[in-house]
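Structure, as structure tokens:
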Amino acid sequence: MEGTVFTPSLEGMKYVKSDSGVILTKPFLEVCKHILPVLEKFGSAMSIVKTDIGGNITRLETKYASDPTKYEQLHSMVKLEVSAKTAKSSSSCTNGLLWLTRAMDFLVALFHNLVQHPDWQMSQVCSDAYSKTLKKWHGWLASSSFSVAIKLAPDRKKFMEIISGSGDVNKDIEKFCSTFSPLLAENHKFLASVGMDDLKAS
């Protein structure tokens, strides 16, 4: 593998913002998609997260494909749903973007832990990231299934070898976290501005 598993998403991040600094739908979703292969390397431990992310990407992509000009900007879907008062529906694109952003927050925290805490076991890396991000939004059921899944996390050393490829994986992880975090923060800020950043899972 040329570079690390992060190489495609790092490349894609260069195109996420328009010249005027607006987050574009298609490039943002592409970056999220490029992270899915990293999750595959976790095996069954991350299957819930992977399915969730995949589903939300598909929901947003379908909306985008229905009118690429109208939905060129990522936040435009949300604005329209807020106007139409459909944003709070569980099948809305607003809901999809919110949970996709939260799942990405979790992954950024997880990757950050991998670099910052070389002595931590994989289960600790995952559970710490979970408690800092998704946990407060999850109900009892989601939290329980997550706790079970984390126990299936792969051996840290093996995992790092798999994702390293031929590149400097720690450097790529740091670059991924520092470049992606501001984009996720921008999504949260926008969602908060329309009163949609604090929805909980049932």
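The values are calculated or read from the model by the stated rules, or taken from the named source; none is laboratory data. Just so it is clear, the structure is predicted and the values come from calculations on it, not from any experiment. As a convention, Cβ positions derive from the backbone with ideal geometry for all residues, glycine included, and neighbour counts pool all protein chains shown. Each accessible area value is taken on the protein alone, full model and side chains, heavy atoms only, with ligands, DNA and RNA left out. Shrake-Rupley method; radii C 1.70, N 1.55, O 1.52, S 1.80 Å.
Some values worked out for this structure:
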read-out: Candidates LYS132, LYS157, LYS136, LYS151, filtered to the one that is farther than 29 Å from ASP198 by Cα and basic (Lys, Arg); value: LYS157
read-out: Qualifying residues in the stretch 160-172 (those that are at pLDDT 90 or above and under 23 Å from ARG102 (Cα atoms)) - the one least open to solvent (accessible area, probe 1.4 Å); value: ASP172
read-out: Filter result for ALA109 (modelled with pLDDT of 95 or more, among the small types (Gly, Ala, Ser) and at negative phi); value: yes
read-out: Verdict on VAL82 being open to solvent by less than 80 Å² (accessible area, probe 1.4 Å), more than 19 Å from PHE111 (Cα to Cα), hydrophobic (A, V, I, L, M, F, W, C) and in a helix (DSSP H, G or I); value: yes
read-out: Residue in the stretch 6-16 that is at pLDDT 95 or above, in contact with a helix residue (DSSP H, G or I) (Cβ under 6 Å, 6 or more places away or on another chain) and open to solvent by 40 Å² or more (accessible area, probe 1.4 Å) present; value: yes
read-out: All positions within the stretch 109-135 that are in contact (Cβ under 8 Å) with a residue 40 or more places away in the chain and surrounded by fewer than 20 Cβ atoms within 10 Å (Cβ to Cβ); value: VAL115
read-out: Check on SER91, assigned to a loop (DSSP other than H, G, I, E, B), hydroxyl-bearing (Ser, Thr, Tyr) and in contact (Cβ under 8 Å) with a residue 12 or more places away in the chain; value: yes
read-out: Candidate set: the stretch 17-52, residues that are open to solvent by 40 Å² or more (accessible area, probe 1.4 Å) and among the aliphatic types (A, V, I, L, M); chosen: the one modelled with the lowest pLDDT; value: ILE48
read-out: Only one of LYS200, LYS175 that is open to solvent by 30 Å² or more (accessible area, probe 1.4 Å) and under 16 Å from the mean Cα position of the chain (by Cα); value: LYS175
read-out: Matching helices (runs of 4 or more DSSP H) fully within the stretch 105-170 where at least 1 residues are of a type in the set (Lys, Arg); value: 122-132, 156-164
